[in-house]
Amino acid sequence: MPTLSPSAIASAHQRWLSAVSSGPDGALTATRAALSGCRAAMDQIEAELRLMNYPVQPLRTPCENVDAACARLEQAIGQPPPRILVELWREVGAIHFVEPGNYEHVDFWRRHGLMDECGDGVCVEACTPDWVDYTIESFLDRARSEWPDEWSEAPPFMLEISADRLHKDNISGGPPYALLPGGEWLAPLQGFSWRLQPASAPGDPPDLMGYLRTAILECAGFPGFHGCVAFGPVRERLLRHVRAF
């Protein structure tokens, strides 16, 4: 059976879920091993994209002072970031398969006949001081404002970790992809849904680890292109040296 078959990817996720349910030690060990594999997979994809002159390099950047950033955030909002996000920042760093400044990736994919759909390249913001400042200010602004409908509850506060698929391609879109603060390992990626659900994918919304597994291993980092005929050869090239995690 191919290493990156959908069933192999789904099985890897089920093993991780079992490890998470086994207790803190098993969860941490399995998560760090999976994220180490995620980092290696991304590095292989990045090498192939570099050969194709893809304009976004690098795909990941290390996060500094993760513990201090998380402690400051928890003190301000009363809850820590999900444990899976903290470990992702530690083991992989920030992830950017798209370039949100000049959006040069849009022209790249257009040249490959792939802009009928947004690529929705995988992104996870870094825990920089600016991101922490923005998150705390958003929390405080929310606390200072009154929810307009006295008969309904305000939606829960969430940690914004990525633009949605439309904003990633400089198109007006919806709210960011986000995670609820608190919790441990099973953090659903709020706001995200599969355009065309891959065979290995968890349901909507997927937990963050399941999202990363399918989006990287089955979709080569661009789940919005899943099922697009023109992406097939590109996907095969990007994944040819990638191993499952």
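The values are calculated or read from the model by the stated rules, or taken from the named source; none is laboratory data. It should be emphasised that the depicted structure is a prediction, and the values quoted were computed from it without experimental measurement. Here the Cβ is made from the backbone with ideal geometry for all residues, glycine too, and neighbour counts use every protein chain on show. Quick note on the areas: whole protein, heavy atoms, side chains included, nothing else; ligands and nucleic acids left out. Shrake-Rupley method; radii C 1.70, N 1.55, O 1.52, S 1.80 Å.
Using the 1.4 Å probe convention, the accessible area of region 1-125 works out to 47 Å² per residue with neighbouring protein chains retained. Placing +1 on each Lys and Arg Cβ and -1 on each Asp and Glu Cβ, with no other charges, gives region 79-124 a dipole about its Cα centre of roughly 180 debye. Placing a label point 7 Å from the Cα of Ala40 along the Cα-to-Cβ direction, the residues of region 202-226 whose backbone N falls under 20 Å from that point are 209-221. In the chain, the calculated helix contribution to ellipticity at 222 nm averages -14000 deg cm²/dmol per residue, counting -39,500 (n - 2.57) for every DSSP H run with n ≥ 4.
The convex hull of the Cα atoms of region 1-149, projected and averaged over all directions, covers 13.0 nm². Diffusion coefficient (Stokes-Einstein, Kirkwood radius over C-alpha pairs, 4 °C, 1.567 mPa s) for region 1-67: 92 µm²/s, rounded to a whole number. Electrostatic tally near Ser36: other residues with Cβ closer than 12 Å to its Cβ, Lys and Arg +1, Asp and Glu -1, net +1. Derived from the Cα gyration tensor, the three semi-axes of the equivalent ellipsoid of region 80-169 are 30, 19, 12 Å, largest first.
Going by accessible surface with a 1.4 Å probe and the largest first, Ser5, Ser18 read Ser18, Ser5.
Would you be so kind as to identify which of Ala47, Gly221, Val98 lies farthest towards the positive end of the dipole of the chain, taking Lys and Arg as +1 and Asp and Glu as -1 on Cβ and the Cα centre as origin? Among Ala47, Gly221, Val98, the one farthest towards the positive end of the dipole of the chain is Ala47. The residues of region 133-245 have, on average, 50 Å² of accessible surface per residue, using a 1.4 Å probe with all protein chains present. Take Met115: with every protein chain present and a 1.4 Å probe, its accessible area is about 40 Å².
Heavy-atom accessible area, probed at 1.4 angstrom with all protein chains present, ranks Asp107, Asp130 as Asp130, Asp107, highest first. Its convex hull of Cα atoms gives region 73-222 a direction-averaged projected area, equal to a quarter of the hull surface, of 10.3 nm².
Label reach from Ile136 (point 7 Å along Cα→C-beta): in region 38-78, amide nitrogens under 16 Å belong to 65-78.
Each listed q (0.10, 0.21, 0.24 Å⁻¹) maps to a log10 I(q)/I(0) for region 150-245, found by the Debye formula over equal Cα scatterers with no solvent: -0.32, -1.14, -1.32. For region 1-143, carbon and sulfur atoms together expose 50% of the accessible surface, with a 1.4 angstrom probe and every protein chain in place. Largest accessible area first, the listed residues His226, His167, His13 line up as His167, His226, His13 when surface is computed with a 1.4 Å probe on the assembled protein chains. Taking every C-alpha pair closer than 8 Å and separated by at least 6 residues, the mean separation divided by the residue count of the chain gives a relative contact order of 27 percent.
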